[in-house]
Amino acid sequence: KGKSGGGGKYGGNAEKRRRSSGPLPERAVIVSSNSPSLCSKATREAVRLLKDALDHLAPKPVVAEETAEGDTANNRSAGSGGVCSALEAELAELREDGGGGGAGKGKGKPNPRRIALHSEVTRGIALIALPGPGTSSSSSAKAKKSDGDDDNEEVEDDDKEDEDKKDDAASAEASLPPPSSLVRRVFELHSDPSDSAPVARFVVRMLPLDFICSPHLKPFQAKVAAHLPGALADAKEGASWNLQFQNRAMSTLKRDDVLKTIKEIVKPLNLDLSVCDAEYTIYVEVNPMVCGFSVLKGYEEILHECNLQALCNSLGRTAESDEDDEDEDDEEQDDEEDKQVEVEAEEKAQEAAA
């Protein structure tokens, strides 16, 4: 009863599963819903929540004051405002609409700077891609300019200008908040005691992956060795940590191997492994698409194990009824029934005329 006909791992619903859009993301957020049928709505809601969190975390650009010196004042402000301007350009690209099906308009290739659906890693579990600090829109624009410009002198001028902005752009990109910061901000906004606080409707869990690699042991070991010490840089000696391991339909990485790898990296930091009430939680996700991890504080108390519905329920807030969505479904069903009635009526009229 649980599987429908049609063959394949997921039966008749296999074709409805949204496939990968583009290469492996640099950073991501795993999103779950109450049922696979609500995955699309949960994905759109999660993208909107992440963009709202980005708006709250994004610094405002520095605006140069107008003075009698005119251009001279603007030139002086360029050094201090360059980073903010570059960051604002990056954030503007992140806010572009990309929450639908993952692919961009026209060519069908997603903008790598967007917060957008990447794929469903397993049925009903969405992977939302976020750009990493290694992605450079300024260098991309430079490449496009060089490829499409036939005037060598203009290309050289543009190259010089790009070189001047390179350091500012790199600093701006490094300031883009990681998924863990965005998810934490989402939970902070939902924990607001005021009546105007948002309430999650379709999203159940939002699991940030600040660092991503392929779902195999050696890439995971390399990624953890490179980034875990930095992620725990603020942890004081003797602070407690534990592991939350989530494996979805993959056997290439086992919990024991993951724990052993992390212990070896954490040992020089003099941190204590704790089975409960740990200050730091290292969340590791393994699925057919990616392996990723994040270091989270307040995993149980503040983030409710990254369960947004649990947070809202603990505050006694429930989402508005889904009457609007039910109405849309009813309207679609009514339209289908109306079309069927029209077809039957036309057939009967043709039979009567014969």
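The number of residues in segment 257-287 being under 25 Å from P23 (Cβ atoms) and in contact with a Pro (Cβ under 7 Å, 6 or more places away or on another chain) comes to 2. Filtered by the rule that a residue be more than 24 Å from N242 (Cβ to Cβ) and outside any helix (DSSP H, G or I), segment 183-199 gives D192, P193, S194, D195, S196, A197, P198, V199. The strands (runs of 3 or more DSSP E) found entirely in segment 235-297 that carry 2 or more residues being touching a Ser or Thr at 6+ places or on another chain (Cβ under 6 Å) and in contact (Cβ under 8 Å) with a residue 60 or more places away in the chain are 291-297.
Of all positions in segment 196-215, at least one carries a residue that is over 17 Å from G292 (Cα atoms), without any contact (Cβ under 8 Å) to a residue 40 or more places away in the chain and out of contact with any helix residue (DSSP H, G or I) (no Cβ under 9 Å at 6 or more places or on another chain). Scanning segment 299-307 turns up at least one residue that is surrounded by fewer than 21 Cβ atoms within 10 Å (Cβ to Cβ) and either farther than 21 Å from S181 by Cβ or among the hydroxyl-bearing types (S, T, Y) (or both).
For segment 154-179, the candidate set comprises residues that are closer than 27 Å to E285 by Cα and open to solvent by 20 Å² or more (accessible area, probe 1.4 Å); within that set, the residue that is modelled with the lowest pLDDT is A174.
One line per residue, one yes/no per condition, for (1) in contact with a helix residue (DSSP H, G or I) (Cβ under 6 Å, 6 or more places away or on another chain); (2) crowded, with 16+ Cβ neighbours inside 10 Å; (3) modelled with pLDDT under 65; (4) hydrophobic (A, V, I, L, M, F, W, C):
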site	(1), (2), (3), (4)
C276	no, no, no, yes
V290	no, yes, no, yes
T318	no, no, no, no
E328	no, no, yes, no
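Please go through segment 200-219 and pick out each residue that is open to solvent by 40 Å² or more (accessible area, probe 1.4 Å), outside any strand (DSSP E or B) and more than 12 Å from E285 (Cα to Cα). Residues satisfying the conditions are R201, L217, K218, P219.
Cβ separations smaller than 8 Å between residues 6+ apart or across chains give the following pairs from segment 120-131 residues that are farther than 9 Å from V29 by Cβ to residues that are open to solvent by less than 10 Å² (accessible area, probe 1.4 Å) and part of a strand (DSSP E or B): E120/A126; E120/L127; V121/I30; V121/L127; I125/I30; I125/V31.
When residues in segment 220-247 are screened for being among the charged types (D, E, K, R), under 22 Å from L24 (Cα atoms) and surrounded by fewer than 16 Cβ atoms within 10 Å (Cβ to Cβ), 0 of them pass.
The values are calculated or read from the model by the stated rules, or taken from the named source; none is laboratory data. Predicted model only: the values in this text are computed from it and were never measured. Here the Cβ is made from the backbone with ideal geometry for all residues, glycine too, and neighbour counts use every protein chain on show. When the accessible area is computed, the model is the full protein with side chains, heavy atoms only, and any ligands, DNA or RNA have been set aside. Shrake-Rupley method; radii C 1.70, N 1.55, O 1.52, S 1.80 Å.
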